[in-house]
1. At a 1.4 Å probe, what is the % contribution of carbon and sulfur to the accessible area of the chain?
2. Could you sort 25, 72 by their accessible area in this structure, using a 1.4 Å probe and putting the largest first?
3. On the first, second and third principal axes, largest extent first, how far apart are the outermost C-alpha atoms of the chain in Å?
4. Identify the residues of the range 163-187 with backbone N under 17 Å of a label point that sits 7 angstrom from the Cα of residue 200 along the Cα-to-Cβ direction, or state none.
5. Could you tell me the calculated FRET efficiency between residue 159 and residue 113, based on Cβ-Cβ distance and R0 = 51 angstrom, to the nearest 0.05?
6. Quick one: what does P(r) look like for the range 101-220 with 5 Å bins over all Cα pairs, in whole %?
7. Peptides 105-118, 32-45: what's the order by average Cβ count within 10 Å, highest mean first?
8. Subtract the Cα-Cα distance of residue 172 and residue 74 from 0.36 nm times their separation in residues, and report this length gain in nm to one decimal.
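The values are calculated or read from the model by the stated rules, or taken from the named source; none is laboratory data. The shown structure was predicted, so the numbers you read here are calculated from the model rather than taken from an experiment. Here the Cβ is made from the backbone with ideal geometry for all residues, glycine too, and neighbour counts use every protein chain on show. All accessible areas refer to the heavy atoms of the entire protein, side chains included, with ligands and DNA or RNA removed. Shrake-Rupley method; radii C 1.70, N 1.55, O 1.52, S 1.80 Å.
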Amino acid sequence: MILIRILIILSFALIQKTSDNPGKRIIYNEDFDQSFLDLDYWNYELGDGCPELCGWGNKEYQHYTKENVFVRDEKLVIKATKIGDQYFSGRITTKDKMEFQYGTVEVKAKLPIGLGVWPAIWMLGHDIDENIWPNCGEIDIMEYVGRMPGKIHTTLHTKDSYGVSKNTKISTINDVENGFHVYKMHWNESQIKFSIDDQEIYTFAPNEKTAEIWPFDKPFYLILNLAVGGYFGGFEVDDTIFPQEFIIDYIKVYKDINL
């Protein structure tokens with residue numbers, strides 16, 4: 001596995017710009033054309049977070065399993081189900097396998113719907129084990145909660161904004177539950193910009209860049225998950241909606257040629 005990681009890192013420097021993104025170099029491009037999740041890049045996070053982080057820190061209801069994450073028809077599916085009185089879903093990360101500093105993340109995805117679902121595309125600082133949250137920093141590219149139809153949440157969590165989520169934007173997208181949409185984050189040394197379907201929705205560019213305000217000058221890793229319930233997802237869940245699927249068509253990570 002160490003050799004694989006080294007080869008991945010070395011390959012970044014060899015990848016050239018593409019016709020789709022002139023002036024960019026792709027460092028990760030996943031169209032899910034294989035029938036399985038590529039574990040050279042991804043990890044499964046399993047269970048309910050216990051004993052260290054029961055309810056994954058938010059009193060969420062779901063247990064994460066491998067079986068609730070799969071590839072179907074060249075798309076990644078994270079499926080939330082209910083069996084008896086237990087909810088199941090999936091969560092995957094690129095921790096220790098694909099971590100990068102600055103660049104653009106682009107994800108084309110279709111949301112689950114219904115009271116209680118909470119899908120997310122987000123990132124955490126690679127040093128989270130030593131520099132615990134929120135000090136490590138968190139970039140929420142897309143969060144949606146079924147209790148707030150038509151709303152997409154974009155948030156930066158830092159020590160400075162802990163508990164108040166002041167670095168956030170709630171965008172109203174009238175058809176966001178219908179079909180696929182492209183969620184994008186562009187990050188450099190001075191700012192982080194977010195867009196949906198190429199419409200810019202929020203920019204975080206603080207003048208002061210202390211560790212408490214701007215912990216974004218180091219590598220981060222990606223996380224995709226579908227939670228059920230919890231502080232943000234809401235403690236009321238409509239059990240008639242299940243199963244629900246968070247479907248990802250593609251994921252791209254690319255950097256400016258000069259970065």
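1. Details: 6130 of 12030 Å².
C and S atoms contribute 51 percent here.
2. Values: 25 40, 72 90 Å².
Order by accessible area, largest first: 72, 25.
3. Principal axes ranked by extent give 52, 43, 40 Å for the Cα atoms.
4. The answer is 168-171, 183-187, whose backbone nitrogens lie closer than 17 Å to the label point.
5. Working: r = 34 Å, r/R0 = 0.67.
E between residue 159 and residue 113, to the nearest 0.05, is 0.90.
6. Bins of 5 Å from zero give 2, 11, 22, 24, 19, 13, 8, 2, 0 percent of pairs.
7. Working: 105-118: 21.6, 32-45: 13.6.
Ranked by mean Cβ neighbours within 10 Å, highest first: 105-118, 32-45.
8. Numbers: separation 98, 0.36 × 98 = 35.28 nm, distance 2.92 nm.
That pair, residue 172 and residue 74, stretches by 32.4 nm at full extension.
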